[in-house]
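Visitor: The following block contains the structure, expressed as structure tokens.
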Amino acid sequence: MDETTLQVYSVLFVAITVVLVYTARFFQTRPGRRRKQRQLDGFERIPTWTTRSIESNRPLHLSFGGADVGGEGTPAALAQAEFFHQVIQGAKASDATPIVTMSAPATLPLGQATLRRAWAKGGTAARAQWIPPDLAFAGALTASMDIDEPEAHILAGRFGPELALMLDGANRRGQPSLAVSDRLDGQAVAYALADHVLIGEELYAAPGYDSEDGRGHGDTAVLDVWRALIIAGASVLLLLEFARRVALLNWTLVLAAAAILIVLGLFFSRRR
């Protein structure tokens, strides 16, 4: 594929996405038209954590990890800033200001702005904390668990193997956790040790799940549409390539296999 063709496809992708986003937002904001989203246990636990934070006067801990603004982690940092904004707003009745941590210096202003925007009570300057990365970050957060006694930990952003120390410390202290990383090694640790885990594009769908308005739900619906289209397109291309290489395969078998894949996809998506 030459560069010109790639640019054309990129422009089409962006244009279609913009149309889908505004269409979904229009229908999601209409009364009685809100679409029911996939049930994800981690998101369903957040209201319980915020309620407990209010009752116990203990803060929530939200962490960007190493997601950096201006680098490869920019999409994760921006998505999680909006997600954290929604979480903080849900806990604003508490007197315990949430703690926001990060290991990328450029993300500190973003964390401070997120707190100021969502927490109208003030006193947020010292609650957005930069900590050196990697093992120093994990060690400092683990040590602070006994001091701050967070009600729950939401670790969403960029984490590596050091995430194991943080999750193990939270588990030993009985502090629930939700974790997701845009790094494969960190995601593996989150899957194994976190109480609740997000997978894949759910990192970027998080703001929509915790949003109270229809716009966030509309954005999440567009992600679901693109997921279905990409999976369907990849399956069709795979079957066509397989049919081309295997002469004995006919179109009836191709269509039957496609139907089976679609049914299985719908079944497992509903169970998810």
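The values are calculated or read from the model by the stated rules, or taken from the named source; none is laboratory data. Source: prediction; values computed, not measured. No Cβ is skipped: glycine too gets one built from the backbone with ideal geometry, and neighbour counts run over all protein chains shown. In case anyone asks, the SASA skips ligands and DNA or RNA and just uses the protein heavy atoms, side chains included. Shrake-Rupley method; radii C 1.70, N 1.55, O 1.52, S 1.80 Å.
Visitor: Inside segment 168-186, can you point out the residues that are touching a His at 6+ places or on another chain (Cβ under 8 Å) and part of a helix (DSSP H, G or I)? Steps first, answer last, please.
Guide: Filtering segment 168-186 down to residues touching a His at 6+ places or on another chain (Cβ under 8 Å) leaves 170, 175-179.
Within segment 168-186, Ala170 is the sole residue that qualifies.
Visitor: Restricting segment 118-156 to residues that are in a strand (DSSP E or B) and not hydrophobic (A, V, I, L, M, F, W, C), which is modelled with the lowest pLDDT? Before the answer, list the steps.
Guide: Quick first cut of segment 118-156, residues in a strand (DSSP E or B) only: 128-130, 152-156.
Narrowing further to those that are not hydrophobic (A, V, I, L, M, F, W, C): 129, 153.
On the way: Gln129: 90, His153: 95.
This residue is Gln129.
Visitor: Hey, among Arg52, Arg35, which residue is open to solvent by 50 Å² or more (accessible area, probe 1.4 Å) and modelled with pLDDT of 90 or more? Step through it out loud before you land on a result.
Guide: Numbers: Arg35 fails: modelled with pLDDT of 90 or more.
Only one candidate qualifies: Arg52.
Visitor: Quick test of your reading of the structure: Val189 fulfils all but one of (1) β-branched (Val, Ile, Thr); (2) assigned to a helix (DSSP H, G or I); (3) open to solvent by less than 30 Å² (accessible area, probe 1.4 Å); (4) under 23 Å from Thr97 (Cβ atoms). Name the failing condition by number.
Guide: Among (1) β-branched (Val, Ile, Thr); (2) assigned to a helix (DSSP H, G or I); (3) open to solvent by less than 30 Å² (accessible area, probe 1.4 Å); (4) under 23 Å from Thr97 (Cβ atoms), Val189 violates only (4).
Visitor: For segment 68-84, how many residues meet the condition of being within 13 Å of Val100 (Cα to Cα) and either outside the structural domain of Glu151 (by TED's automatic domain parsing) or touching a strand residue (DSSP E or B) at 6+ places or on another chain (Cβ under 7 Å) (or both)?
Guide: Adding up the residues that qualify gives 4.
Visitor: Considering only residues that are at pLDDT below 90 and touching a helix residue (DSSP H, G or I) at 6+ places or on another chain (Cβ under 6 Å), look in segment 55-75 and name the one that is most open to solvent (accessible area, probe 1.4 Å).
Guide: Gly70
Visitor: Looking at segment 54-88, which of its residues are in a helix (DSSP H, G or I), of a type in the set (A, V, I, L, M) and over 13 Å from the mean Cα position of the chain (by Cα)? Steps first, please.
Guide: So the first thing to find is which residues in segment 54-88 are in a helix (DSSP H, G or I), and the list is 54-56, 74-88.
Still in the running and of a type in the set (A, V, I, L, M): 54, 76-79, 81, 87-88.
Listed by number, the residues that qualify are Ile54, Ile88.
Visitor: Okay, next question. Looking at (1) out of contact with any Gly (no Cβ under 9 Å at 6 or more places or on another chain); (2) in a loop (DSSP other than H, G, I, E, B), which is the only condition Leu115 fails?
Guide: Every listed condition holds for Leu115 apart from (2).
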